[in-house]
Amino acid sequence: MDKISILNLKIPGNHGVYDFEKKTEGTFELDIELFLSLALPCSTDQLEHTVDYAEATDTIIRVFNEKEYNLIESVGDKICKELLNKFPIEKVMIKIRKPHAPIQANFDTVEVQLIRSKNFDG
């Protein structure tokens with residue numbers, strides 16, 4: 001199966017469990033992989049036979065900013081479902097990083113990874 005990747009998409013947001021996270025905007029980093037066959041667009045060289053990267057990115061940003069989520073797991077699941085419904089993809093993988101997570105430790109980032117497919121029941 002082929003894939004289209006959107007890597008290190010930076011989106012400001014106010015997601016988090018604590019009140020101060022909802023008041024102070026942080027930058028989240030997302031990697032999204034869209035799995036589909038690219039045989040047709042490879043042979044036709046036509047945008048309508050593939051996923052428009054700009055449209056997919058706009059969808060991701062819109063869903064990410066629709067509301068304030070407590071958990072990046074929740075917003076990630078919502079993004080996956082929207083992408084699967086809107087585009088001709090079979091599977092999506094999303095990673096959401098929160099380098100500003102309120103953890104009292106020396107770390108680079110925290111990350112959640114979700115994988116969803118058309119036949120996923122969750």
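The values are calculated or read from the model by the stated rules, or taken from the named source; none is laboratory data. Values in this document were obtained by computation on a predicted structure and should not be read as measured data. All Cβ positions, even for glycine, are placed from backbone atoms using ideal geometry, and neighbour counts span all protein chains on display. Side chains included, ligands, DNA and RNA excluded: accessible areas come from the protein's heavy atoms. Shrake-Rupley method; radii C 1.70, N 1.55, O 1.52, S 1.80 Å.
The set of residues in segment 40-49 that are over 20 Å from residue 84 (Cβ atoms) and either acidic (Asp, Glu) or surrounded by fewer than 11 Cβ atoms within 10 Å (Cβ to Cβ) (or both) comprises 43, 45, 46. State whether the residues of segment 89-96 include one that is within 13 Å of the chain's Cα centre (by Cα) and open to solvent by 20 Å² or more (accessible area, probe 1.4 Å). The answer is yes; a qualifying residue exists.
In segment 15-39, which residues are more than 20 Å from residue 82 (Cα to Cα) and either open to solvent by 90 Å² or more (accessible area, probe 1.4 Å) or modelled with pLDDT under 95 (or both)? Of everything in segment 15-39, those that are more than 20 Å from residue 82 (Cα to Cα) and either open to solvent by 90 Å² or more (accessible area, probe 1.4 Å) or modelled with pLDDT under 95 (or both) turn out to be 16, 17, 18, 19, 20, 21, 22, 23, 24, 25, 26. Taken over segment 97-109, residues that are surrounded by 15 or more Cβ atoms within 10 Å (Cβ to Cβ), within 17 Å of the chain's Cα centre (by Cα) and in a loop (DSSP other than H, G, I, E, B) amount to 1.
Scanning for something free of Cβ contacts under 8 Å to residues at least 24 places away in the same chain, over 17 Å from residue 3 (Cα atoms) and of a type in the set (A, V, I, L, M, F, W, C), does segment 61-83 turn up at least one residue? There is at least one residue in segment 61-83 that is free of Cβ contacts under 8 Å to residues at least 24 places away in the same chain, over 17 Å from residue 3 (Cα atoms) and of a type in the set (A, V, I, L, M, F, W, C). Among all positions in segment 32-50, there is at least one residue which is within 19 Å of residue 15 (Cβ to Cβ) and out of contact with any Pro (no Cβ under 6 Å at 6 or more places or on another chain).
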